[in-house]
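The next block holds one structure in the form of structure tokens; read it before the comments.
The values are calculated or read from the model by the stated rules, or taken from the named source; none is laboratory data. Fair warning: this is a prediction, and the values are worked out from it, not measured in the lab. Positions of Cβ are backbone-derived with ideal geometry, glycine not excepted, and every protein chain shown enters the neighbour counts.
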């Protein structure tokens, strides 16, 4: 019998789950969602005759650049880890 709170590992099983690399990083998905929502907001804003849509267009441009950056960074990290690992 083991004392309370003692971690018992049997065989080759590890207590830490193995993390698989994601095909697309989570931050890239969030930035892409912000980009799509900003484009929708810009279209609605311009359709209502408001010039506030310019701000939404700028936000869409920024978030699309962020999505592209995080996607490329994730692909680069995945490629580097597969070569060394």
- Item | When residues of the range 23-49 are limited to those that are in a loop (DSSP other than H, G, I, E, B) and at pLDDT below 95, the one surrounded by the most Cβ atoms within 10 Å (Cβ to Cβ) | 25
- Among the residues of the range 61-79, is there at least one that is part of a helix (DSSP H, G or I), more than 17 Å from the chain's Cα centre (by Cα), surrounded by fewer than 17 Cβ atoms within 10 Å (Cβ to Cβ) and in contact (Cβ under 8 Å) with a residue 12 or more places away in the chain? no
